[in-house]
Amino acid sequence: MMTTAPAPDIEILGVGAIYDAGSDQFFAFGSATRFKSLSGIDAILPDKHSLERAAAIDPYAAAIKTGVFEMQATIKPGGEVAAFKPDGTVATNTFTIHGSLNDAAPTDEIVLLKGTITEMNMAVFSTSGVLEFMATGVSGELSKYYGGAFAEAFLKMTLSVVEPNPVTAGAYRFESSFMAAGQADVAKPVPEPASMAIWGSVVVVGSVLSRRRMKNRLSV
């Protein structure tokens with residue numbers, strides 16, 4: 001399980017997810033409701049895209065009051081995020097969050113966060129319903145909270161498979177099609193202690209070598 005910082009975090013409710021085993025396509029859609037930063041919590045309001053997408057999926061969603069979360073990824077049986085679809089075309093492995101943190105008119109289209117899905121962890125999907133995704137190349141209005149030019153995001157979905165019923169073991173291994181519902185969070189990953197130790201040793205070695213070079217210069 002990935003370790004994440006308590007903030008930033010985007011709360012996604014009402015997530016609906018579909019996996020089609022024939023095309024290896026995974027789709028997810030939900031309501032982006034709140035953005036949590038170190039300075040507080042802001043409600044995510046709809047932008048133009050949020051209203052249009054929600055209405056396209058649900059004709060009764062005209063009164064939507066949140067942003068929208070959308071995700072698409074090509075996932076092979078066993079859980080590998082693939083660069084190509086089964087037909088050989090380039091995969092679209094992305095997530096996007098549209099919305100607004102202020103009272104901007106819904107005629108504007110605002111991308112709060114988007115990125116490229118690179119990895120998935122489904123180790124506890126069958127026992128706790130959790131799917132974890134890593135995303136890189138993150139951009140958008142809120143990307144500065146996720147690392148700026150080197151922004152990464154961590155998506156954690158907690159899903160309950162609703163079809164097929166009863167659930168087959170193949171669904172949890174992405175070997176058969178399924179539909180699921182639940183919620184998600186988009187947070188900032190925290191480097192693992194091992195990675196921090198490696199980087200710490202690099203800094204120490206670099207510092208020692210620098211001091212040795214300086215000592216050699218002074219002794220010449």
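Points worth noting:
- Accessible area ranking (1.4 Å probe, heavy atoms, ligands and nucleic acids excluded), largest first, for GLU52, GLU11: GLU52, GLU11.
- Kirkwood radius and radius of gyration were both taken over the C-alpha atoms of region 119-181, and their ratio Rg/Rh is 1.13.
- 37 °C / 0.692 mPa s Stokes-Einstein diffusion coefficient of region 58-171, Kirkwood radius on C-alpha pairs, µm²/s: 203 µm²/s
- Listed residue pairs exceeding 24 Å between alpha carbons, taken from LYS36/LYS144; LYS65/LYS85; LYS76/LYS156; LYS114/LYS144; LYS36/LYS114; LYS76/LYS144: LYS65/LYS85; LYS76/LYS144
The values are calculated or read from the model by the stated rules, or taken from the named source; none is laboratory data. Here the structure is a predicted model, which is why all the values come from computation and not from measurement. For the accessible areas, the whole protein counts, side chains as well, though only heavy atoms, and no ligand, DNA or RNA atoms are used. Shrake-Rupley method; radii C 1.70, N 1.55, O 1.52, S 1.80 Å.
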